[in-house]
1. Place the peptides 256-263, 83-90, 124-131 in order of packing, highest mean first, counting for every residue the other Cβ atoms within 10 Å and averaging per peptide.
2. Considering the Cα positions of the range 102-212, please state its Rg to one decimal place and its Dmax as a whole number of Å.
3. Using packing as a proxy for protection, rank 28-37, 111-120 so that the peptide with the highest average count of other Cβ atoms within 10 Å comes first.
4. Would you mind calculating the relative contact order of the range 115-230 from Cα pairs under 8 angstrom and at least 6 residues apart, reporting the percent as a whole number?
5. With +1 on each Lys and Arg Cβ and -1 on each Asp and Glu Cβ, how big is the dipole of the chain about its Cα centre, in debye rounded to the nearest 20?
6. Explain nothing, just compute: Karplus ³J(HN,Hα) = 6.51 cos²θ - 1.76 cosθ + 1.60, θ = phi - 60°, for every residue of the range 290-297 in order, whole Hz, x for Gly and Pro.
7. Give me the number: length gained by fully extending ASP154 to ARG71, i.e. 0.36 nm times residue separation minus the C-alpha to C-alpha distance, one decimal in nm.
8. Treating the beta-carbon of each Lys and Arg as +1 and of each Asp and Glu as -1, no other charges, what is the dipole magnitude of the range 8-148 about its Cα centre, to the nearest 20 debye?
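Nothing in this text is a laboratory measurement; each read-out follows from the coordinates by a stated rule. What you see is a predicted model; the values in this text were computed from it and never measured. Counting neighbours? That spans all protein chains shown, and the Cβs are built from the backbone with ideal geometry, glycine included.
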Amino acid sequence: MEILITGGTGFIGSYLSKRLLGLDHKLTILTRNSQKVEAPNIVINSIEQLSDNQSFDVVINLAGEPIADKRWSEAQKNKIISSRITISQQLVEFIKRSNHKPQLFISGSAIGYYGIEQSDQSYDETYNSAENNDHSFSSQLCLQWEAVAQQVQDLGIRTCILRTGIVLGEQGGALAKMLPPFKLGLGGKMGTGHQWMSWLHIDDAINIIVKCIEDTTLNGAINLTAPKPVTNKEFTQTLGKVLNRPTLISMPEFAVKLLFGQMGEELLLSGRAITPRKLLDCGYQFKYPSLQSALEDLLRK
Ligand SMILES: NC(=O)c1ccc[n+]([C@@H]2O[C@H](COP(=O)([O-])OP(=O)(O)OC[C@H]3O[C@@H](n4cnc5c(N)ncnc54)[C@H](OP(=O)(O)O)[C@@H]3O)[C@@H](O)[C@H]2O)c1
């Protein structure tokens with residue numbers, strides 16, 4: 001298949017591009033830096049450079065300013081939103097003017113969609129965030145981002161919206177950020193440790209995106225999370241156990257807020273338990289259903 005990917009140079013996109021290439025698909029990758037894309041992949045620097053006759057079977061949209069790299073100043077929040085909305089809207093316009101419409105549009109989103117208020121309930125794709133008045137930045141971002149992708153669905157094109165959890169991989173993502181203090185024995189829970197962490201092994205993330213391409217019954221919002229989310233306390237203990245390091249030094253809530261501001265409050269001190277209902281219903285078999293098996297694979301190779 002001919003596949004267009006934005007964000008194909010990122011953490012998830014790099015693993016995905018390698019897998020898709022191995023499956024003999026032909027990839028065109030949007031990047032701001034052409035040197036990041038290796039042959040035989042085709043590189044583009046702007047969606048506007050695509051002609052109306054360019055034909056893609058699948059369009060995958062993962063690009064955007066990283067969410068957890070910097071404190072959320074107003075300028076940074078604008079960058080996080082506008083990078084996603086601009087690229088997504090340009091893709092919508094391309095698909096609208098294209099003479100050969102794709103069969104499938106896959107667009108990024110995140111479990112931030114489900115909001116941040118502390119809760120011990122679990123949430124699946126039937127939850128409607130727009131009706132629940134969550135004013136967090138994470139939720140508002142996802143609502144706006146998904147609304148743009150929805151325009152493609154409205155054209156009658158199968159659209160999968162990936163509500164992605166915390167993806168754990170060796171190169172990049174959240175685990176790479178957490179590892180240095182944990183390896184030194186300086187890791188510990190954040191705040192109360194009661195907040196949920198809905199995580200996913202990178203291999204499952206890629207397998208699920210490939211499944212979205214192959215299984216034409218998959219449609220709409222899909223939670224990309226493992227079936228067993230854990231609390232931050234359990235995540236901390238499991239990571240310490242797999243690394244064989246103590247995890248006694250917890251970071252109090254005020255310190256997280258001081259160091260990371262609103263980003264820390266929403267991404268580190270908050271989190272809901274998200275269930276991958278649609279994936280379980282369609283019979284997807286998780287390669288790493290438990291956190292311990294995922295961390296052992298990633299850290300004991
Ligand atoms: N990783 C996770 O755990 C996770 C969790 C939930 C949701 N997601 C979402 O899934 C998508 C992929 O995640 P990821 O971790 O692979 O992201 P990533 O590593 O941060 O990569 C994102 C890509 O977006 C492009 N990009 C970065 N800043 C940009 C900007 N200001 N303007 C335009 N393009 C920009 C970069 O491409 P170039 O530098 O080549 O232009 C980069 O390859 C993201 O949208 C992310 O929000 C990820």
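1. 83-90, 256-263, 124-131
2. Cα only, the range 102-212: 16.3, 53 Å (Rg, Dmax).
3. 111-120, 28-37
4. Dividing the mean separation by the residue count of the range 115-230 yields 31 percent.
5. Computed about the Cα centre, the dipole is about 800 debye.
6. Once rounded to whole Hz, the list reads 10, 4, 4, 5, 5, 5, 4, 4.
7. 26.3 nm
8. 660
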